[in-house]
Amino acid sequence: MKLRYKYSILIGFTILTLSACVTKKYERPQVKSEGLYRDKNTTDTTTMADLPWKTLFSDTTLQSLIQQGINQNLDLKQAIERIKISEATLRQSRAAFLPSLQADVSVTDAKQAAAALNFPAGININLETQTYRAQLSTAWEADIWGKLSSAKRSAFATLLQSDAAKRAVQTQLIATIANSYYTLLALDKQLAITEQTIKIRRQDVETMKALKEGAVVNGAAVVQSEANLYAAEVTLPDLKRSIKEAENALNIALAQAPGTVNRTTLDQQVAFSNLQTGVSAQLLQNRPDVIAAEFGFRAAFENTNVAKTYFYPALTLTAAGGLTSLQLNNFFDNSIFYNLVGGLTQPIFAKGANKARLTTAQANQQIAFYTFQQTLLTGGQEVSNALYAYQTAEEKEATRAKQIASLTKAVDFTKELLRYSSATNYTDVLTSEQSLLTAQLNGINDRLQKLQSVVNLYRALGGGWK
């Protein structure tokens, strides 16, 4: 027994040694992961990607919409189903280590003529026999070169890739819902400002008519005031259309039919300001699409290992046993048969299939490496862009407030001058009013840019799935 145990250890060690000679152990490839954030050098590893999404978004209405999206979004549900497919593939790869087992039950009719049995001429006899057979057969392939192990590791990497891809869908979903929500609030604000502007311009028309009657202005000023009113009114249909389209787009993310979306106001939003990015190397562990790309490379690496094993002989063991008899009534009496076969199959000429398989696997591995590096670089670019978008929005915010304040005074001053003196005309009023409306609308866009840049930075860093 001890000798048999020693032989088992020796055989196992030999198989592991032979496997190591053909297949390689995975190591993370050298990719550029440092210094990916433009104009930002820090060693602080604290990152907002570690924050739960409910911490980032304080608006409870938005929180409710995001949770609804996570529960209902169809892209996310598809990603979950892909995980199930990967799990089934992994189970299948694990089962490859076990022997197969098949059962077969058959009845065979055989008929022979007299001539075939060398009976005398003139004797016309046909012999008919029936053979009853039941057997179990099994086959098992020894994993000498690591083919089955590599296939299992490839399936496991694919499963992890599917799981990371699902997390990537979730981070993108959260960003999509938040950005769409903020867009809706910005459109609501633009609509409110435009409607207020229309109300003021209607009053201006009445004022111009009164001033014309008092001979302060002429008919041209009245017509210009009416045209100014119509210029604001004509923007209303497009604004209302944009609001409905934004609502419809958000409803798609929520997996529901088009309709009104419950929301608060833009003025109630507080932009998250503690924008800690950590270091760019953390994208390797925080950003789901980068994680998925690495697992994709790992799966391709193991597939290359599998392709290499086809150049070496395969050791298979097959066995079969059962019962056979010419008479059904004595089927279980003295009718046992069995066989056991072990053999090595060495590929000699496979019409170039093995070489083509290896070349394809190696090319796919290289493609997966390039995808991994590209995804990491893209992550660095998106973080850099979001940071700069936030900075520029902040810079514009202060200046825009001063611009709006100055233009508001300009509108008031020109109206007063028009009403009580001849130092100005309605063209000055028209110009200042139009400039004020444009500045107010641009101020809303600045606010939207600031809010959305925080969302985009959070997603770019890999936030939203923890």
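The values are calculated or read from the model by the stated rules, or taken from the named source; none is laboratory data. Please read all numbers here as calculations on a predicted model, not as lab measurements. Note that each Cβ is placed from the backbone with ideal geometry, even for glycine, and that neighbours are counted across all protein chains shown. Surface areas here come from the heavy atoms of the whole protein model, side chains and all, with no ligands, DNA or RNA. Shrake-Rupley method; radii C 1.70, N 1.55, O 1.52, S 1.80 Å.
For this structure, a couple of remarks:
- Spin-label pair residue 91/residue 206, simplified geometry with 7 Å Cα→Cβ offset, distance in nm: 7.5
- Mean Cβ count within 10 Å, highest first, over the residues of peptides 144-151, 354-361: 144-151, 354-361
- Inter-label distance, nm, simple model (7 Å from Cα along the C-beta direction), residue 311/residue 438: 7.0
- With K and R counted +1 and D and E -1, the other residues having a Cβ less than 12 Å from that of residue 311 yield a net charge of +4.
- Within straight-line reach of residue 32, meaning a Cα separation under 17 Å, sit the following aspartates and glutamates at least 8 residues removed in sequence or on another chain: 289, 294, 382.
- The long axis of helix 288-309 is offset from the longest Cα principal axis of the chain by roughly 20 degrees.
- Positive-end residue of 425, 460, 403, charge dipole of the chain with Cβ unit charges: 460
- Linear extension gain, residue 50 paired with residue 431, 0.36 nm per residue minus alpha-carbon span: 132.2 nm
- Rolling a 1.4 angstrom probe over the chain with all protein chains present gives an accessible area of which 56% lies on carbon and sulfur atoms.
- Over all other residues within a Cβ to Cβ distance under 14 Å of residue 133, the charged ones net out to -2, with Lys and Arg as +1 and Asp and Glu as -1.
- Helix 219-233 vs. the chain, principal-axis angle (Cα, 0 to 90°, nearest 10): 20
- Farthest positive-ward along the range 202-321 dipole, Cα basis, beta-carbon charges - from 315, 264, 281: 315
- Taking a quarter of the surface of the Cα convex hull of the chain gives a mean projected area of 43.0 nm².
- Simple Cβ-charge dipole of the chain, Lys/Arg +1 and Asp/Glu -1, about Cα centre, in debye nearest 20: 1520
- Residue pairs exceeding 22 angstrom between C-alpha atoms, taken from 25/308; 77/240; 152/351; 199/396; 24/147; 54/244: 77/240; 152/351; 199/396; 54/244.
- Ordering of 263-273, 164-174 by burial proxy (mean other Cβ atoms within 10 Å per residue, highest first): 164-174, 263-273
- Peptides 250-259, 32-41 ranked from most to least packed by the mean count of surrounding Cβ atoms within 10 Å: 250-259, 32-41.
- The C-alpha atoms of the chain define a longest principal axis, and helix 236-253 lies at about 20 degrees to it.
- The mean accessible area for residues of the chain, using a 1.4 Å probe and ignoring ligands and nucleic acids, is 57 Å² per residue.
- Full extension of the segment from residue 362 to residue 75, taken as 0.36 nm per residue of separation minus the current Cα-Cα distance, would add 100.2 nm.
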